[in-house]
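The values are calculated or read from the model by the stated rules, or taken from the named source; none is laboratory data. Please read all numbers here as calculations on a predicted model, not as lab measurements. Using ideal geometry, Cβ is built from the backbone for each residue, glycine included, and neighbour counts are taken over all protein chains shown. Protein only, heavy atoms only, side chains kept; ligands, DNA and RNA dropped before computing areas. Shrake-Rupley method; radii C 1.70, N 1.55, O 1.52, S 1.80 Å.
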Amino acid sequence: MRLKMLAIAVFVCSIYTAKAQDDLTSYLTLPQELIKNANAVVRLDETIVAVKAINDMEISEKRIVTVLNEKGLNKIGAQVWYDNNIRVKNAEVRIYNKFGKEIKKIREKDFLDVSAVDGGTMYSDSRVKHIDYTPVAYPFTAVFTSKIQTKKTSNLPWFSPIPYYTGIQKSRYKITYPLSLTLYKKEHNLEEYGVVKDEKEGSLTYIIENVPGIKPEAYSPSEAKIKPRVRFALSKFSYEGITAEVENWEEIGTWMNQNLLNGRATVDAETKAKIESMVAGVESDREKAKIIYEFMQSKTRYISVQVGIGGYQPITANEVDKVGYGDCKGLTNYTMALLKIAGVESYYTVVYAGSKMTSFYEDFASLGQGNHVILNIPNKGDDIWLECTSQKMPFGHIGDFTDNRNVLVVTPEGGKIKRTKKYDTEENLQNTTGSYVLDANGNINADVTIETKGIQYDDRFYLEDRSDVEKDKRYKRYFQTVDNINVDNIELKNDKEAIVFTEKVMFNADAYGVSTGERMLFAPNALNRLTSIPDRYRNRKFPLEIQRGYYDTDDYEIKLPSDYKIEAIPNDVTYETKFGAYTFSITKKDDQTLQYKRTIKIKDGLYPKEEYKNYRKFIKKIIKYDGSKIVLVKK
């Protein structure tokens with residue numbers, strides 16, 4: 001009788017489970033309020049992390065995603081990363097039509113199995129399995145299930161349930177662990193999104209439900225600051241058969257130095273002799289470092305290894321020296337090895353890279369907070385930061401990929417949290433000079449010189465490698481307020497010593513000045529006009545953050561047609577707010593010559609969301625001033 005009752009219970013449970021999944025695979029049962037701002041809706045995202053021992057972890061995932069349109073395809077998330085230390089136990093996708101009827105089953109053997117590496121052979125065991133599915137109609141629902149087993153417990157999956165443009169019906173994350181281990185966690189923005197937490201001995205669960213799609217907002221902080229997230233770390237973990245017991249950044253750095261880096265920063269005698277010869281007689285450590293950095297750039301190329309694959313340990317410097325390529329870890333370690341030969345102290349540095357600044361948490365130490373590696377030269381307190389994956393980057397310039405954020409510097413004494421270089425507003429300079437001639441038909445001929453520094457240099461120096469066709473298109477877009485442009489000449493100069501990029505452009509255009517009877521109207525600012533108004537939000541959700549300030553100065557001469565005189569000219573403007581300042585002036589040098597001067601300074605800063613409308617008004621007013629017209633009348 002007991003066995004019979006158990007069988008009935010199992011049968012009823014399986015019916016209930018099947019019914020619950022049927023409810024989630026049909027578009028018809030989808031709560032319509034979740035569709036707002038969404039390209040897809042996650043009906044269920046369940047991640048179960050079972051840490052069974054210090055060297056045994058199993059991760060199970062089930063995702064049920066209703067895809068509303070083509071832009072939502074990548075929200076299915078049907079991919080599994082693996083290498084020699086990660087075993088894929090199963091992976092499967094089932095596709096359901098709008099009515100919840102299964103129309104396709106994709107088994108693990110039908111997944112595409114590709115290298116996770118962009119070129120090279122040193123990381124051939126790093127792979128990813130994923131599907132390549134073309135839907136027959138929208139909406140449809142995909143059910144993805146997977147399970148992996150790994151001996152590495154150094155990097156625990158984290159809870160980050162809300163991508164942009166994705167509705168969430170239910171997301172559940174559960175982690176279990178032995179009581180012999182301590183689980184550390186770093187929580188963000190849980191209450192704001194109604195995340196429910198259930199914490200028990202050896203178990204921790206987070207659930208979030210019924211969140212409509214969220215659109216990204218212009219000038220908002222990084223996702224790490226504004227969305228619900230939880231990161232995890234174990235007091236003891238295993239990596240590549242090496243165990244660790246760490247509680248802070250100093251201990252993590254010591255462990256990395258001893259177990260991941262030690263003995264890997266050496267090259268053969270021939271390369272050693274070459275480096276010694278290159279720096280012979282050079283006294284300055286900075287100059288030695290520059291010589292070696294530029295040698296490394298000329299000798300190597302970068303290959304991309306996807307985040308989460310390729311491990312934390314760099315290949316040996318000697319191997320990079322032989323093959324001439326590597327990922328960020330390998331190239332950084334190689335540069336460090338060469339600097340060591342020259343007696344220049346440098347440190348392997350882990351960073352979370354990206355144009356949105358994301359920092360390491362000072363009060364929460366874990367191995368998985370970075371996605372990139374750069375090099376730190378302490379230089380007696382005047383830090384030099386080197387990006388070792390670029391063959392074009394000037395020495396000491398890191399740009400907006402790794403600027404102004406907390407990073408982990410691995411020293412022989414342990415790990416240290418440092419902050420990378422911040423490019424101040426005045427450093428991010430663009431200086432535009434030159435002249436243009438306006439003729440009686442409204443046509444102009446312009447001769448322009450643009451110099452950029454700091455982050456604005458970072459936005460420009462790549463142009464020297466573009467084709468003539470690409471450059472021509474680029475400048476027609478840049479001078480977009482002037483119609484019918486013909487670019488006559490382009491000269492580019494990249495001064496890597498001063499880190500200044502200079503563009504000299506000559507162009508002509510018809511009908512820039514608009515004639516109406518006896519009069520002609522034209523905007524004196526033809527060369528650097530602000531035109532883009534920040535998006536308007538009726539109910540902005542996130543704070544306003546201007547992550548990087550900049551400073552533009554313009555100073556150029558305008559020659560007027562000889563048979564016209566000035567009838568009306570804009571007044572000089574000085575306009576200042578908490579967000580920055582703007583000025584322009586027009587000086588009459590003689591009857592046919594004007595000198596136009598303009599400055600715009602935008603400050604970096606973090607402000608409450610209510611200030612966004614004021615910032616938008618500030619920019620709109622600048623756009624209005626930039627579009628001010630001069631009126632000429634025939635003599």
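Checking N528, N441 one by one, the residue that is assigned to a loop (DSSP other than H, G, I, E, B) and surrounded by fewer than 16 Cβ atoms within 10 Å (Cβ to Cβ) is N441 and no other. Any idea which residue in the range 368-404 is nearest to T425 (Cα to Cα), counting only those that are open to solvent by less than 20 Å² (accessible area, probe 1.4 Å) and in a helix (DSSP H, G or I)? Within the range 368-404, the match that is nearest to T425 (Cα to Cα) is G399. Of all residues in the range 125-148, those that are closer than 10 Å to Y82 by Cβ have Cβ atoms under 9 Å from Cβ atoms of residues that are small (G, A, S) and at pLDDT 95 or above, 6 or more apart or on another chain, in K129/A78; K129/A91; K129/S146; I148/S60; I148/A91.
Quick check: anything in the range 135-157 open to solvent by 40 Å² or more (accessible area, probe 1.4 Å), on the phi < 0 side of the Ramachandran plot and in contact with a Phe, Trp or Tyr (Cβ under 6 Å, 6 or more places away or on another chain)? The answer is no; no qualifying residue exists. In the range 541-562, the residues that are more than 30 Å from D439 (Cβ to Cβ) and part of a loop (DSSP other than H, G, I, E, B) reach residues that are small (G, A, S) and at pLDDT 95 or above with C-beta atoms within less than 6 angstrom, at least six apart or across chains, in these pairs: F542/S220. Of all residues in the range 111-152, those satisfying the criterion of being hydroxyl-bearing (S, T, Y), within 30 Å of L181 (Cα to Cα) and at pLDDT 95 or above are T145, S146, T150. Annotation note: Cβ proximity below 6 Å between a residue of the range 467-489 that is of a type in the set (A, V, I, L, M, F, W, C) and a residue that is open to solvent by 30 Å² or more (accessible area, probe 1.4 Å) (sequence gap 6+ or interchain) occurs for I485/K476; V487/D472. Among the residues of the range 451-475, write down those that are surrounded by fewer than 16 Cβ atoms within 10 Å (Cβ to Cβ), outside any helix (DSSP H, G or I) and not polar (S, T, N, Q). Result: R466, single match.
Per-residue answers, yes or no, for (1) part of a strand (DSSP E or B); (2) open to solvent by 70 Å² or more (accessible area, probe 1.4 Å); (3) of a type in the set (K, R); (4) touching a helix residue (DSSP H, G or I) at 6+ places or on another chain (Cβ under 6 Å):
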residue	(1), (2), (3), (4)
R63	yes, no, yes, no
L73	no, no, no, no
N84	no, yes, no, no
V88	yes, no, no, no
A91	yes, no, no, yes
I95	yes, no, no, no
F99	no, yes, no, no
D113	yes, no, no, no
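From the list E276, E223, E270, E240, the one residue that fits, being at pLDDT below 95, more than 29 Å from S355 (Cα to Cα) and either open to solvent by 50 Å² or more (accessible area, probe 1.4 Å) or β-branched (V, I, T) (or both), is E240.
Answer yes if at least one residue in the range 533-546 is among the hydrophobic types (A, V, I, L, M, F, W, C), crowded, with 18+ Cβ neighbours inside 10 Å and either within 26 Å of M357 (Cβ to Cβ) or at pLDDT 95 or above (or both), and no otherwise. Yes. Please go through the range 317-367 and pick out each residue that is surrounded by 17 or more Cβ atoms within 10 Å (Cβ to Cβ), among the polar types (S, T, N, Q) and assigned to a helix (DSSP H, G or I). Residues satisfying the conditions are T332, N333, T335. For the range 548-577, a tally of residues being under 41 Å from the mean Cα position of the chain (by Cα) and open to solvent by 30 Å² or more (accessible area, probe 1.4 Å) returns 10. Scanning the range 191-211 for residues that are more than 17 Å from P157 (Cα to Cα), open to solvent by less than 50 Å² (accessible area, probe 1.4 Å) and part of a loop (DSSP other than H, G, I, E, B) yields G194, V195.
Applying the selection to the range 128-152, what residues are in a loop (DSSP other than H, G, I, E, B) and over 30 Å from E192 (Cβ atoms)? Within the range 128-152, I131, D132, Y133, T134, P135, V136, A137, Y138, K151, K152 qualify.
In the range 67-92, the residues that are within 28 Å of G311 (Cβ to Cβ) form Cβ pairs under 7 Å with partners that are assigned to a loop (DSSP other than H, G, I, E, B) and small (G, A, S), at six or more places apart or across chains, as follows: W81/A116; W81/G308; D83/S126. Within the range 238-251, can one find any residue that is out of contact with any helix residue (DSSP H, G or I) (no Cβ under 8 Å at 6 or more places or on another chain) and within 30 Å of K541 (Cβ to Cβ)? Taking every residue of the range 238-251 in turn, none turns out to be out of contact with any helix residue (DSSP H, G or I) (no Cβ under 8 Å at 6 or more places or on another chain) and within 30 Å of K541 (Cβ to Cβ). Contact annotation: residue pairs with Cβ atoms under 6 Å, 6 or more positions apart or on different chains, pairing a residue in the range 355-369 that is under 25 Å from G311 (Cβ atoms) with a partner that is surrounded by fewer than 16 Cβ atoms within 10 Å (Cβ to Cβ), are A365/N248.
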